[in-house]
Amino acid sequence: MKLNGRVALVARVLVLILVLVALYWQDLTLVANEALKSDLATHIISIPILLAYVLFRVRKTFTESASLRTVKLRSREAILLKDVTGGLLCLLAYIIKWYGAYTFIPLELHIISLPIFTAGITLLIFNPQTLRTLLFPITFLIFLTPPPLEYAQKVGSALATFSSQAAYNVLKTLNLPVTLTSTYVSPVINLTTPSGAEIPFAIDIACSGLYSLIGFIIFATFTAYIARGPIQKKLALLALGFPIIYAMNTLRITLTVIIGYYSGPNLALNIFHLFGGWALIFIGTLILLTLAEKVLKIQIFTKTSETCLHENTEEHLCIDCGKILTSTLNKLRRTETVKLALIIAITISLAFIQVPVIALTEGAAEVFIQKTTGEQINSKILPEVESYDLRFIYRDTDFEKISGQNASLMYQYRPQNRSEQPIWVGLEIGPTKACLHPWETCLITWPQTQGQEPEVTQLDLRDIHLIENPPLSARYFAYKNNDSNVTQVILYWYTRATFKTVEGYQHKWTKTSVIEYTNDPQGYLVAEEEILPIAKTVANYWKPITTWSWMALAIAENGPILIIITLTMISATAILYYYTETKRRNHAKRAYNRISDQKERHILDAVKAIKKERANGSQIALKYREITGNDIDIYELHEKLEEAERSGLVTRKLVSIHDEPYLNWRTSF
């Protein structure tokens, strides 16, 4: 039985892992790529390590929660509601996943659906107690979402402004010759050295502490969870993290300027980057841990010694303190085996119809992404268009260095009819999506976050579907220069393609922009219609590899409606659960009122009186003596409680105390 129990537990865990990997491997691969190659997402590297530690901490409670003997569902109705709720959560997550691939932000919506799907499949395979045990690590998966560039720039710009202003005030207090100015790009602290040289220290997004802040939020959340203490202190610990990381980044900027004053800019910048990123997160976490133990008196890693000697035991349980001493692993029942087989079958079916995270294209085999020396630019990367002559214009190597792109190419479709406007096509290729900046973010969002007016006026910003199957979302962006009527109309989209590089064939992110200029701001809609056919031609020329099944396409197209319907069904299930629980409590209350045995009533009164405390055997016995003035044998008490459990008057609740599983009693009324 023991062996079968372990095999059953391993089988359920393997099914859970295999389902998640089978359905989300594309998303996880792209997230890993962003984490390894983008500074904005580098914090994601730490999440698997932290999750592994959390899962190690809860392993004992998880094992017990997965045991059918430990966690008893009260009725067939409860089991049915559990499975229906789990199935609906999985359905909701997968609708969000499908719909995400139909939008302009597919990866973000895919990762947002991951915790929802994980919660649903956990509920299906295990039970509500297991879901509660794993609730934090499941919720923690949301940190896998790469921060959207637009919001990152807004937050980073605000942090840069605050940090530079705070550092400037400190430096002025120290009587250092500094001035604070704000450029179109970022705040600048200008330092005058003793030799009279001017040294500008620009506080851009990379220096704002944004990357450290994101990583520190993850570590602060993790620290607050593993800390042993009341929830109020945990929240206080989490709140302390924000001023700590902000103060540390301000101190880092201040010390950098001071070192620059005495030792020059080279040493100052080296030290600045040395104590940035992970170094700042590590130091901040150490400070937070110190404050937790010294100020808030919260234990992080220290184990509390046990006071119970476990002298009174029955089967696997200490009936005094309620600690589970040995695991009770049970073999799979036939219904569970059928359920696991059904889950595997559905997963295999979904694997054949799941959609790519981003439109995958074959790319152009003759495109070489090399260094500027010896590079080969081939116009075959774009299709020939009737009545237009295609030519390569230039490669922006300066922008490539700034943005971290592999290539930034510009082509032109020159109309054979000279009275028409030429159409430009920009092709940006990079290792991550984060280095391919949205047009509206660069021209509108960025200057606004700097407290400056944009140099252009936005005329239009909307998303369209460039290709219906597989769906490829593109974004129109039209703007007018403030100092003239020159208007630029852009239709751009993102894809993933395979390129031939000097290192061989590699997957790259691409941003394709089809552009037209006009001197009539009111005519931007006409220009949008003119560039649309060429955009469709270019998108189709890149030959998307994967087409969607009719079912996936229908679900994605009707995503918002299906999400609302699924949420309504989940709400209805929650209402039904509340109704059944109310009915069960009323039934238990009536059964309690019919009890004539005073000892049994006093035992139930004792359990109810300490429902907010640890209602274990010894505590219930103490409360019983307080109520009646008499002692009760601990074994007799345990037998009475088990009889009451069979009658539906009390239930057992699995709790984790210092990462050890305990069973407490609570009344059902």
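Output the number of residues of region 580-625 satisfying the condition of being more than 44 Å from the chain's Cα centre (by Cα) and surrounded by fewer than 11 Cβ atoms within 10 Å (Cβ to Cβ).
Result for region 580-625: 6.
Any residue at all in region 394-414 that's small (Gly, Ala, Ser), in a loop (DSSP other than H, G, I, E, B) and under 39 Å from the mean Cα position of the chain (by Cα)?
Yes: one or more hits.
What residue, among those in region 146-167 that are free of Cβ contacts under 8 Å to residues at least 60 places away in the same chain and surrounded by fewer than 22 Cβ atoms within 10 Å (Cβ to Cβ), is farthest from GLU440 (Cα to Cα)?
Ranking the qualifying residues of region 146-167, first place goes to GLN165.
Does THR285 qualify as being out of contact with any strand residue (DSSP E or B) (no Cβ under 9 Å at 6 or more places or on another chain) and either modelled with pLDDT under 75 or exposed (fewer than 14 other Cβ atoms within 10 Å of the Cβ) (or both)?
no
Could you count how many residues in region 622-652 are within 18 Å of THR313 (Cα to Cα) and part of a strand (DSSP E or B)?
1
Let's see how each residue does on (1) part of a helix (DSSP H, G or I); (2) at pLDDT 85 or above:
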| residue | (1), (2) |
| --- | --- |
| TRP493 | no, yes |
| THR498 | no, no |
| GLN522 | yes, yes |
| LEU525 | yes, yes |
| ALA554 | yes, no |
| LEU562 | yes, yes |
| THR573 | yes, yes |
| LYS583 | yes, yes |
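Could you check GLU314 against (1) at pLDDT 75 or above; (2) out of contact with any Phe, Trp or Tyr (no Cβ under 6 Å at 6 or more places or on another chain); (3) among the charged types (D, E, K, R) and say which number it fails?
(1)
Among the listed residues LYS612, LYS623, LYS583, which satisfies the condition of being free of Cβ contacts under 8 Å to residues at least 24 places away in the same chain and closer than 30 Å to TYR53 by Cα?
Just one listed residue meets the conditions, LYS612.
Within region 626-652, which residues are of a type in the set (A, V, I, L, M) and buried (at least 16 other Cβ atoms within 10 Å of the Cβ)?
Residues satisfying the conditions are ILE632, ILE634, LEU637, LEU641, ALA644, LEU649, VAL650.
How many residues, within region 405-433, are modelled with pLDDT under 90 and either among the charged types (D, E, K, R) or more than 27 Å from PRO383 (Cα to Cα) (or both)?
3
Here's the yes/no breakdown for (1) more than 30 Å from LYS97 (Cα to Cα); (2) hydrophobic (A, V, I, L, M, F, W, C):
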site: GLU516; (1), (2): yes, no
site: GLY523; (1), (2): yes, no
site: MET551; (1), (2): no, yes
site: ALA554; (1), (2): no, yes
site: PRO560; (1), (2): no, no
site: THR582; (1), (2): yes, no
site: GLN598; (1), (2): yes, no
site: VAL607; (1), (2): yes, yes
site: LYS611; (1), (2): yes, no
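Those residues that are outside any strand (DSSP E or B) and of a type in the set (Ser, Thr, Tyr), I need them from region 457-473; list them, please. Can you show your working first?
Filtering region 457-473 for residues outside any strand (DSSP E or B) gives 469-470.
Passing the criteria: none in range.
The values are calculated or read from the model by the stated rules, or taken from the named source; none is laboratory data. As the structure is a computational prediction, the values presented were derived from the model and not from experiment. Backbone-built Cβ (ideal geometry, glycine too); neighbour counts: all protein chains shown.
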